[in-house]
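Below: one structure, written as structure tokens.
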Amino acid sequence: MSLEILGISVLWLFLFGYVVVASIDFGAGFFNAYSVMVGKDRILANVIKRYLSPVWEITNVFLVFFFVGIVGFFPQSAYYYGTILLVPVSISLILIAIRGSYYAFESYSSKGIHIGYTLMYGITGLFIPASLSIVLTISEGGFVKIVNEVPHLQIAKLFTSPLTWSIVLLSIVAVLYISAVFLTWYGERAQDEHASNLMRKYALGWSLPLVISVVGVMVALKGHVPEHYENMLNLWWLFAISGVLFFITLILLFKKKKYGIAVFLMVAQFGFAFFGYGISHYPYLLYPYLSVYDSFTNETMAVALVIAFIGGLVLLIPSLYLVMKWFVFDRDYACGKRNHHV
């Protein structure tokens, strides 16, 4: 395996970790806000807050690793994306900061639930993946023009493209589906049957929009980048496995059985689809200007980064494991018998 493939594979793995963990976090915030608005907070609020409380601080660790790695492994990506993503990424960072602030206000306020804080926390949780997903659209090509060797983003063309809005829609629907499936299991583990049943209904409800949004992305991709579409068809077996796992997950949810296995299958489902998409897009970081080969760092730097990332994983994975074991997956904590501050 070449260093280029190793580098992009490590980064894609970190990005997938962020997609899964952040989706659960973002979706939980939205469902919490929605439950408050429709008067169902007595059913969902306790379960969702017990999940969010120990986890929300560590969600962005994966994103930080990815951004540091993409610039380290592929320095030219900073030149191309640094200018064209100034506005979209700035919006995302502002939303992340706002979201964290509102969560802190809501969690540590002595006045109980503040509808405004809760609503803003939930809404920003959907805007963040929507704004970040624009990066995937831009990477497909056709939205960047090089003028005097300087990349310029064609904003009007970007925001009038069906591909942009199909990917934005998919990102939002996927967040809600991933979070609903996970919280269905977490509600069961917390021995809260009402919360688990309600989240199960949400998960089943968002499954059809997920299928529709996936089809929408494929149709838009075929019209915008036929080459990438053909590459995805060549990897049909990866997406077929993803589809099978999706339907098995739905069967388990429908029969109210083995929610833990359903969560595992759901993560695997998105894993096959996510890596299938990444492989089909290889080797381009920004089609057709930037590939992993013509923008890769020198060998010494690459080796140092690989070692640093392995070291980061050695520290990050045990830390996440302990957080999950002591809080998220601990039955006493999930049932509300123990506070995460203890």
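Coordinate-derived values only; no laboratory data. Remember, predicted model here, so these are calculated numbers, not experimental data. Every residue, glycine as well, gets a Cβ built from its backbone with ideal geometry; the counts of neighbours run over all protein chains shown.
Taking the average, over residues, of other Cβ atoms within 10 Å as the packing measure, peptides 73-79, 208-214 rank 73-79, 208-214 from highest down.
Size of the stretch 131-290: Rg and Dmax of its alpha carbons, in Å, are 18.0, 62.
Among M324, M120, M266, rank each residue by its count of other Cβ atoms within 10 Å, from fewest to most, as a rough exposure measure.
Numbers: M324 13, M120 21, M266 26.
Arranged by neighbour count, lowest to highest, M324, M120, M266 become M324, M120, M266.
Centroid-to-centroid, using Cα positions, the stretch 300-323 and the stretch 150-198 are 28 Å apart.
Treat the chain as a sphere of radius equal to its Kirkwood radius over Cα pairs and apply Stokes-Einstein at 10 °C in a medium of 1.306 mPa s; give the translational diffusion coefficient in µm²/s, rounded to a whole number. Rounded, D is 75 µm²/s.
Over the chain, dividing the summed -39,500 (n - 2.57) contributions of all DSSP H runs of at least 4 residues by the number of residues returns a 222 nm mean residue ellipticity of -26500 deg cm²/dmol.
Taking a temperature of 4 °C and a viscosity of 1.567 mPa s, what whole-number D in µm²/s does Stokes-Einstein yield for the stretch 265-323 with Rh from Kirkwood over alpha carbon pairs?
Numbers: Rh = 14.2 Å.
Stokes-Einstein gives a translational diffusion coefficient of 91 µm²/s.
For the residue pairs K49/K258; K40/K256; K157/K201; K157/K222; K49/K201; K49/K257, the alpha carbons lie more than 28 Å apart in K157/K201.
Note on D41, D25: ascending count of other Cβ atoms within 10 Å places them as D41, D25, the fewest first. Which helices pass in the chain if a helix is a full DSSP H run, must span at least 15 angstrom along its long axis by Cα, and must have mean Kyte-Doolittle hydropathy not below 1.6? Sorted by number, the helices that extend far enough and score high enough are 3-37, 61-73, 236-254, 299-323.
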